[in-house]
Every structure is written in structure tokens, then in C-alpha cells.
Amino acid sequence: MLSPYCEFYLEIRTLIVGFGRVSQAFVSTLIRQKPYLFRRYGIEISLIGAVEGGKPTFHSAYSEDGLDLELLLSTKRQQGRISSYPRAGGHLSSRELIRESGAQLLIEATPTNLTDGEPGLTHIRTAISAGMHIVTSNKGPLVVSLNELRRFAQQKTVELMYSAAVAGELPVMPIGSCGLAGSAIRRIEGILNATTNFVLTQMHKRELDMMNALDEAKRLGIAERDPNLDIEGFDTAAKLLIATNSLMEANIKLSEVDVSGIRFVTPNLISEAKQKGCVLKLVGSAHRHETAIKIKVAVEEIPRIDPFYFVDETGKAVRIHTDLFGETTLMSSSSGPRFTAASILRDLINICGSSSSLSH
Ligand SMILES: NC(=O)c1ccc[n+]([C@@H]2O[C@H](COP(=O)([O-])OP(=O)(O)OC[C@H]3O[C@@H](n4cnc5c(N)ncnc54)[C@H](OP(=O)(O)O)[C@@H]3O)[C@@H](O)[C@H]2O)c1
């Protein structure tokens, strides 16, 4: 049956690899949005498989007729592992499922590894080889091998989309690639990490020291148990690197980024900034200097006349300077798995709309 607002019906068989916070939030979003997706876009996302774990055992659920999303979530929440999914649970590995499930699209949401991109890099390469489209929130494979993966995806005429990996709630990638199409990006600057922005905000407003502010972020579930990648500035660097390599035609490596985090920020530095009418923010910036592009992540004093001054708590912002549009600023006060899940859904809908390999 066709939607009254859409002239086609498209079912897309989907596989999720990594079933942590983001993927569970995605499944919840799918349950909530299902009628809207059909009505507005004529799309039905059929989740035929999911897999998690791998150290040492994989836990999977697979049904070629589609999994029951409510049952998948309640199995995970009540039993702890999706392999307990009634009749379709098992221990298929990620690679087996990618190669053999017959899915058309992979959602890759395993942990970020900025050193070698694994296991996500192998998952994405395997999926491209199998002719699947990919949506990922995982920064690791993109930091390590973005340009290689984009070329490989082009060769195989599949889509690789990753707006969820670059502060998806803003949304940097869709604006940078479509909204500002035709213009050359000269500079990207952003407050791209919720944990560091929250910590600096608590130090500024409540005069907490770094340790107490970080403990508060952990208590509220904003910071990871191990927040080092955030605090040392590498999460910001990774997001900016992916955006820069994608949108500014660059091929910069993480080792070439000048990264410093917030660990050295003391209550004294905060009050010095306050006396000048400024706040301290961790800012990532990518600038084109003639032919070279330099990326830097550092704490900056932000004055009140700068819109970044008002980006506090878990907010994020990005400013993109182009030759044709001048300065475009995006701001968001939302952060967390729910918004990452929404970004994954956005990419998936865009793939359904643009790919000729998905027949309507
Ligand atoms: N959380 C956010 O708000 C957010 C925002 C933007 C981007 N991201 C990125 O999105 C990705 C997922 O984040 P998350 O918060 O959902 O992480 P998470 O809660 O740690 O979940 C990761 C999942 O991947 C599974 N996994 C690990 N190795 C695997 C393998 N080889 N094959 C299959 N599954 C494997 C884990 O299983 P076990 O539990 O058994 O290890 C777990 O289910 C990460 O790359 C993260 O950086 C997250």
C-alpha cells in the first residue's frame, strides 16, 4: 500500500553492528517514527539483524523477515544480551552477518578507536565489498581512512554517510555538503564536545574545580567513565578532522593536528577570563592558509560579542566561513545518544532518497 503523501514504497533491509547506547536509542526512534517515515517518505526500515560484543563471544539476533523492535529492546534491557531474542537469537559474528544477511544497509556503531579504526574499519570495508550502503556514528574508521573509504564506496556505487560522527545534532555535514554547495569553505570553527563544554561551564558558573566538575558530568551520564579522549581534546580533533577532510578536500592525519585539551584549566584561569568579561571554551578550528590547511584544538578566551560565548552546559556550535555565503553559525543545546540516533535516521532517509540502487 502506498502512503497518501508519497508516490513510492521502499523497504530497506538494515543491519546494526554494535548494540550500545546509540543503537538502542536508534531502535527506540524507529519505533516512534515508523508511521511518520511511511507517511512522509514512503520508507519502511526493516531491521533484519543486530550484533554486539565480540570479546570473546558475539551476540546476535537475525531474522530475514525483520526483527520485532520492541522485543529486541526489551530482550536487551531485561536479559542484557540480544542473543536471548526468542527463536532468532544466536552468536553470528559481525562479519558473518555483514557478508551473509542480505541486508542493503549497515549501521555501524561500535566503539571509536582513533588508533587503527578497528573493529569499525573492517566492518565498513566488508559492507562496501558486499554492496551495502553505510551509515556510521563511529569516528575511528573515518579518522584513520576517510578518503580511502569514500573512494571505495564510490567505486562500488554505495553511499557512506556519517553526519552522526561529526556532532550530528548541529548538523555540520548536511549543511557543509549540501546547504553551502557551490562555495569554498575557508574556515571551520567549533565547540564540538559536550563533556568539556559542560566541565568548563560548571567551573565558570559554579566555581567548581576540574575534578568536581568532571565528577558531576560522570554522575549525570554526560561524561564517559573514561573521559580522556574528551578532556585531552581528541574527540574535538577527530570530529573536526572528519569535517575538514570531507568538506575542505583535505587529507590530514590526526597526528598532524595541534591538540591541547582542558586539563590545565584552573579556577584561577577561569576567574582571569571572567574579569575580562570572557569565558573559556575548547575550540577546534581548521583554517586554510594559501594551499595548506591547519587544524588546531585549544582553549580560547571568548568575549561576549562572540555567539560562542552563549554556548554553555552540553551545547555545541560550529561556524563555517565560505567565499559565497560568508559566515554561517549553527548552535545546538542538545547532546547524547538520542540525538546521535536522530542523525543516523537522517542519513538513512537521505540515502533512501538519493540512491538509485534502492528501487522504489
Ligand atoms: N553516545 C553518544 O552519544 C555518541 C555520540 C556520537 C557518536 N558516538 C559514537 O557512536 C558509536 C557507538 O556509541 P555508543 O555510545 O552506543 O557506544 P557503546 O554504548 O559503548 O556501544 C558499543 C557497542 O558496540 C559493541 N561492539 C564492540 N565491538 C564489537 C564488534 N567487534 N562487533 C559488534 N559489536 C561490537 C559493544 O558490545 P559490548 O557491549 O559487548 O562490548 C556495544 O554493544 C561510538 O563509536 C561512539 O564514539 C556516540
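So for the chain, taking the charge dipole from beta-carbon charges (+1 Lys/Arg, -1 Asp/Glu), which of SER177, LEU92, SER63 sits furthest toward the positive end?
After comparing all options, I get SER63.
For segment 193-229, which GluC sites (Glu not before Pro) pass both filters: DSSP loop (anything but H, G, I, E, B) and at most 16 other C-beta atoms within 10 Å? Could the numbers behind the result be given before it?
Working: sites: GLU207, GLU216, GLU224; in loops: GLU207, GLU224.
Counting only loop positions with at most 16 other Cβ atoms within 10 Å, the GluC sites (Glu not before Pro) in segment 193-229 are GLU207, GLU224.
Below 11 angstrom from the Cβ of ARG263, what's the summed charge of the other residues (Lys, Arg +1; Asp, Glu -1)?
The answer is -2.
If you take every residue apart from ARG151 with its C-beta less than 15 Å away from the C-beta of ARG151, what net charge results, scoring Lys and Arg +1 and Asp and Glu -1?
Numbers: positive: ARG125, ARG150, LYS156; negative: GLU148, GLU159, GLU249.
For residues surrounding ARG151, the net value is 0.
Summing -39500 (n - 2.57) over the DSSP H runs of n ≥ 4 in the chain and dividing by its residue number, what mean residue ellipticity at 222 nm do you reach, to the nearest 500 deg cm²/dmol?
-11000 deg cm²/dmol, from helical runs alone.
With contacts defined as alpha carbon pairs under 8 Å and 6 or more residues apart, what's the relative contact order of segment 115-170 in percent? Don't skip to the answer; put the middle values down first.
On the way: 65 pairs, mean separation 23.0, N = 56.
So the answer I get is 41 percent.
Taking 0.36 nm per residue of separation and subtracting the Cα-Cα distance, what length does fully extending LEU254 through SER74 add? Each step should come with its number before you reach the end.
Details: separation 180, 0.36 × 180 = 64.80 nm, distance 3.92 nm.
In short, 60.9 nm is gained.
Which angle between 0 and 90 degrees, to the nearest 10, do you get for helix 21-36 versus the longest principal axis of the chain when only C-alpha atoms count?
Once rounded, one gets 60 degrees.
Quick one: grab the alpha carbon gyration tensor of segment 26-152, order the square roots of its eigenvalues as a ≥ b ≥ c, and give me rounded if a/c is under 1.5, else prolate or oblate depending on whether a/b is larger than b/c.
Values: a/c = 1.78, a/b = 1.26, b/c = 1.41.
In terms of gyration-tensor shape, oblate.
With charges only on Cβ, +1 for K and R and -1 for D and E, what is the dipole size of the chain about its Cα centre, in debye, rounded to 20?
Values: 39 positive and 39 negative charges, 59 e Å.
Approximately 280 debye in magnitude.
Figure the gain on full extension for THR122 and ASP215 (residue separation times 0.36 nm, minus the Cα-Cα span) and round it to one decimal in nm. It would help to have the intermediate numbers written out before the result.
Working: separation 93, 0.36 × 93 = 33.48 nm, distance 3.50 nm.
The THR122-ASP215 span can extend by a further 30.0 nm.
Taking 21 Å as the cut-off for C-alpha to C-alpha distance, list the pairs among LYS218/LYS296; LYS205/LYS274; LYS76/LYS139; LYS276/LYS316; LYS139/LYS205 that go past it. Could the numbers behind the result be given before it?
Working: LYS218/LYS296 26 Å; LYS205/LYS274 10 Å; LYS76/LYS139 25 Å; LYS276/LYS316 23 Å; LYS139/LYS205 31 Å.
In this structure, LYS218/LYS296; LYS76/LYS139; LYS276/LYS316; LYS139/LYS205 lie more than 21 Å apart at Cα.
Among ALA273, ALA286, VAL311, which residue has its Cα positioned farthest towards the positive end of the charge dipole of segment 272-321, with +1 placed on the Cβ of Lys and Arg, -1 on the Cβ of Asp and Glu, and the dipole taken about the Cα centre?
Projecting each Cα onto the dipole axis, the largest value belongs to ALA286.
I'd like to know which of ALA50, THR322, LEU114 lies farthest towards the positive end of the charge dipole of the chain, counting +1 on Cβ of Lys and Arg and -1 on Cβ of Asp and Glu.
ALA50
Can you compute the charge dipole magnitude of segment 6-47 about its Cα centre, using +1 on each Lys and Arg Cβ and -1 on each Asp and Glu Cβ, nothing else charged? Give it in debye, rounded to the nearest 20.
Working: 6 positive and 3 negative charges, 41 e Å.
With Lys and Arg at +1 and Asp and Glu at -1, about 200 debye.
Rounding to the nearest 10 and keeping the result within 0 to 90°, find how far the Cα-based axis of helix 234-247 lies from the longest principal axis of the chain.
70
Note the angle between two axes, namely the Cα long axis of helix 120-129 and the longest principal axis of the Cα atoms of the chain, as a number of degrees from 0 to 90, rounded to the nearest 10.
Around 40 degrees separate the two axes.
Please identify every one of the GluC sites (Glu not before Pro) in segment 11-95 that sits in a loop by DSSP and has no more than 16 other beta carbons within 10 Å of its own beta carbon. List each step's numbers first, then the result.
On the way: sites: GLU11, GLU44, GLU52, GLU64, GLU70; in loops: GLU64.
Within segment 11-95, the qualifying GluC sites (Glu not before Pro) (loop, at most 16 other Cβ atoms within 10 Å) are GLU64.
Taking only C-alpha pairs under 8 Å that are 6+ residues apart, what is the relative contact order of segment 1-96 in percent?
Here the relative contact order equals 27 percent.
Under a GNM of the chain (C-alpha, springs under 10 Å), which listed residue has the highest mean-square fluctuation: LEU149, LEU170, LEU200?
The residue that fluctuates most here is LEU149.
Once a ≥ b ≥ c are taken as the square roots of the eigenvalues of the Cα gyration tensor of segment 51-116, is the result rounded (a/c under 1.5), prolate (a/b larger than b/c) or oblate (a/b not larger than b/c)? Display every interim value, and only then the final one.
Details: a/c = 1.75, a/b = 1.28, b/c = 1.37.
Verdict is oblate for segment 51-116.
How do 338-348, 272-282 rank on mean C-beta neighbours within 10 Å, highest first?
Values: 338-348: 22.5, 272-282: 17.1.
Result, highest mean first: 338-348, 272-282.
What number comes out for the charge environment of ILE45, summing +1 per Lys or Arg and -1 per Asp or Glu over other residues with Cβ under 11 Å away?
Combined, the nearby Lys, Arg, Asp and Glu give 0.
Read-outs: derived from the displayed coordinates by stated rules, not from any lab. Predicted model only: the values in this text are computed from it and were never measured. Using ideal geometry, Cβ is built from the backbone for each residue, glycine included, and neighbour counts are taken over all protein chains shown.
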